[in-house]
1. Would a scan of region 106-114 turn up a residue that is surrounded by 11 or more Cβ atoms within 10 Å (Cβ to Cβ), assigned to a helix (DSSP H, G or I) and out of contact with any helix residue (DSSP H, G or I) (no Cβ under 7 Å at 6 or more places or on another chain)?
2. What do you reckon, is Leu102 open to solvent by less than 50 Å² (accessible area, probe 1.4 Å), at pLDDT 85 or above, more than 14 Å from the chain's Cα centre (by Cα) and among the aliphatic types (A, V, I, L, M)?
3. Please state which of the following conditions Arg80 fails to meet, knowing it meets all the rest: (1) of a type outside the set (A, V, I, L, M, F, W, C); (2) part of a helix (DSSP H, G or I); (3) open to solvent by 90 Å² or more (accessible area, probe 1.4 Å); (4) under 30 Å from Asp40 (Cα atoms).
Amino acid sequence: MNWLALLGLDVIVARWRVAAIEGAIAVEDRMELAKLEWQDQKRYIRRILVLAMAVAGLTVVSMVMVSMAVLVQFWDTPYRSVAGWMVAGVWLAAWLGLLVALLRSVQRAEDGFPLTRRELAQDWRDIKDML
C-alpha cells in the first residue's frame with residue numbers, strides 16, 4: 001500500500017524531487033558559466049602581467065635614455081643634445097602608451113565574472129520572491 005498516495009504527500013514529494021533536479025541543473029549551469037568566465041579572467045590576468053613587465057622594462061630603458069639625454073645635453077654640439085632628447089622622448093611616449101594600455105586592462109579585469117554574478121543575483125531574487 002502506498003502511504004504517500006493515501007496521505008496526499010506524493011504530490012509534495014514529486015514537487016520536491018522536480019525542484020531538486022532543477023536546482024542541480026541550475027547549479028551545473030552556473031558552474032559552467034563560472035568556468036568560462038574564469039578562463040576569460042585568466043586571459044586578462046595574463047595580459048596584465050605581460051603589460052606590467054613591458055612597462056617595467058620600458059621604465060628602466062626610458063630612465064637610461066633620459067640620463068643619456070641629459071649627458072648628451074652637455075656635449076660639444078647642439079645637434080647631439082637634440083638627438084638625445086628626441087630618443088628620450090620616443091622612449092617616454094612608448095612608456096606612456098604601455099602604461100595607458102596597462103591601466104585600461106586593469107580596469108576591465110576588475111569587472112570579473114559579470115554573467116555569473118548577474119545569474120546568481122537573479123537566482124537570489126527568485127528565491128526571495130518564492131519565500
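1. no
2. Taking the combined requirement at face value, the residue does not satisfy it.
3. (4)
The values are calculated or read from the model by the stated rules, or taken from the named source; none is laboratory data. Not measured: the values here are computed from a predicted model. Glycine gets a Cβ as well: all are built from the backbone with ideal geometry, and neighbour counts include every protein chain shown. What goes into the accessible areas is simple: the full protein's heavy atoms, side chains included, and nothing from ligands, DNA or RNA. Shrake-Rupley method; radii C 1.70, N 1.55, O 1.52, S 1.80 Å.
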